[in-house]
Amino acid sequence: ERYFRSLLPQVQAIPFDTIFPRLVERCVDQDLVAEAAAKAGTAKRPEVRQRIALVTRSLIGQAYLEERIRQQVTDVRLHEEYRKTIALQPKREQIHARHILVKTKAEAEAIIAELKAGGDFAAIARKKSMDPSARSGGDLGFFTKEQMVPAFSAAAFKLAPGEYTAEPVKTQFGWHVIKVDGRRDATPPKFSDMENELRRSLTEKAYKDIVDGLRAEAKVVVVGAAKSTPAK
C-alpha cells in the first residue's frame with residue numbers, strides 16, 4: 001500500500017485490487033535487488049553512502065515540514081480563512097434576465113413596439129429569438145456583470161425588475177431586447193468549493209513562515225559564493 005501511494009497519480013487511478021498482483025511482483029523484485037546489493041557491499045561505497053545521506057536528509061526534512069505544516073493548516077484555520085476571504089469579497093449583484101436575439105436592428109425595434117403594445121416577452125422570444133434560450137422564453141437565469149459581454153451587461157444592469165430595454169442592444173452576436181425579471185446579491189462560494197485553494201494558499205504561507213523563521217535564527221554562510229560562476 002505504501003508503494004502504491006508513492007506511484008504517479010495516473011497509476012494510482014487504477015483500482016488497487018486490479019494492480020495488486022503487479023505491485024507484489026514489483027516489491028519482490030525490489031527486495032531481491034536490495035538483498036543482492038547488500039551482499040555485494042554496495043551500500044559501503046563512498047558515492048552510494050553520500051547519496052544515502054542526501055536522501056535521508058531530504059526525507060527527514062520533508063517529514064519535519066509536513067508535521068509543522070499540519071499543525072498550522074488545521075480545519076479551524078481553514079474555516080477562519082474562508083470566513084475572512086468571504087468577508088473581504090466585494091458585494092456582487094446578480095440579475096435574472098431574458099433576452100430576444102435577432103439579426104437586425106429593425107427586427108429588434110419591431111419587437112420592442114410589440115412589447116409596448118402588450119406582447120408577452122417569453123412568447124415572443126420562443127417565436128422570434130435565434131438564441132438557444134428561445135426554447136425557455138429567452139430565460140438566461142441569474143448572472144453577474146462579468147459573465148456577459150460588456151454591452152449586454154451595461155444595458156441589462158440598468159433595468160429594474162419588470163423593465164425591458166427601450167432601445168435595441170448591439171453585441172457581436174446580433175441585436176438584443178433584454179428584460180430583467182429580478183435582482184439579488186450573488187451567493188458567495190461554498191467552503192467545499194474553496195477548500196483546496198485555501199489549503200494550498202495556507203500551506204505555501206506556512207512553508208514560507210517556517211523557513212523564514214529558521215533563517216532568522218541561523219547564521220548562513222555560503223562558502224565561495226562571491227567567486228562562483230555559472231557552468232557553461
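The values are calculated or read from the model by the stated rules, or taken from the named source; none is laboratory data. Owing to the predicted nature of the structure, the values given are computational and were not obtained by experimental measurement. No Cβ is skipped: glycine too gets one built from the backbone with ideal geometry, and neighbour counts run over all protein chains shown. With ligands, DNA and RNA removed, areas are computed over all heavy atoms of the protein, side chains included. Shrake-Rupley method; radii C 1.70, N 1.55, O 1.52, S 1.80 Å.
In segment 150-164, the qualifying residues are those that are among the aliphatic types (A, V, I, L, M) and without any contact (Cβ under 8 Å) to a residue 24 or more places away in the chain, and the one that is least open to solvent (accessible area, probe 1.4 Å) is Ala155. Hey, could you check segment 168-220 for residues that are aliphatic (A, V, I, L, M), open to solvent by less than 80 Å² (accessible area, probe 1.4 Å) and not in a helix (DSSP H, G or I) and say which is farthest from Gly138 (Cα to Cα)? By that ranking, first place goes to Ala218.
All of Val102, Val76 fail the test of being surrounded by 11 or more Cβ atoms within 10 Å (Cβ to Cβ) and of a type in the set (A, V, I, L, M, F, W, C), apart from Val102.
Taking the stated definitions as given, is Glu114 modelled with pLDDT under 95, open to solvent by less than 80 Å² (accessible area, probe 1.4 Å) and either within 30 Å of Ser153 (Cβ to Cβ) or under 28 Å from the mean Cα position of the chain (by Cα) (or both)? It is false that Glu114 is modelled with pLDDT under 95, open to solvent by less than 80 Å² (accessible area, probe 1.4 Å) and either within 30 Å of Ser153 (Cβ to Cβ) or under 28 Å from the mean Cα position of the chain (by Cα) (or both).
Residue-wise test of (1) touching a residue at least 60 places away in the same chain (Cβ under 8 Å); (2) within 29 Å of Ala117 (Cβ to Cβ); (3) of a type in the set (Gly, Ala, Ser).
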{"position": "His176", "(1), (2), (3)": "yes, yes, no"}
{"position": "Ala186", "(1), (2), (3)": "yes, no, yes"}
{"position": "Met194", "(1), (2), (3)": "yes, no, no"}
{"position": "Glu197", "(1), (2), (3)": "no, no, no"}
{"position": "Lys205", "(1), (2), (3)": "no, no, no"}
{"position": "Gly213", "(1), (2), (3)": "no, no, yes"}
{"position": "Ala218", "(1), (2), (3)": "no, no, yes"}
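If we scan segment 26-43, do we find a residue that is outside any helix (DSSP H, G or I) and loosely packed, with under 11 Cβ neighbours inside 10 Å? Show your work before the answer.
Looking only at segment 26-43, we keep the residues that are outside any helix (DSSP H, G or I), and these are 41.
Add one more test, that the residue is loosely packed, with under 11 Cβ neighbours inside 10 Å, and what stays is 41.
Among the residues of segment 26-43, at least one is outside any helix (DSSP H, G or I) and loosely packed, with under 11 Cβ neighbours inside 10 Å, which makes the answer yes.
The test for being without any contact (Cβ under 8 Å) to a residue 60 or more places away in the chain and open to solvent by 20 Å² or more (accessible area, probe 1.4 Å) holds for Asp139.
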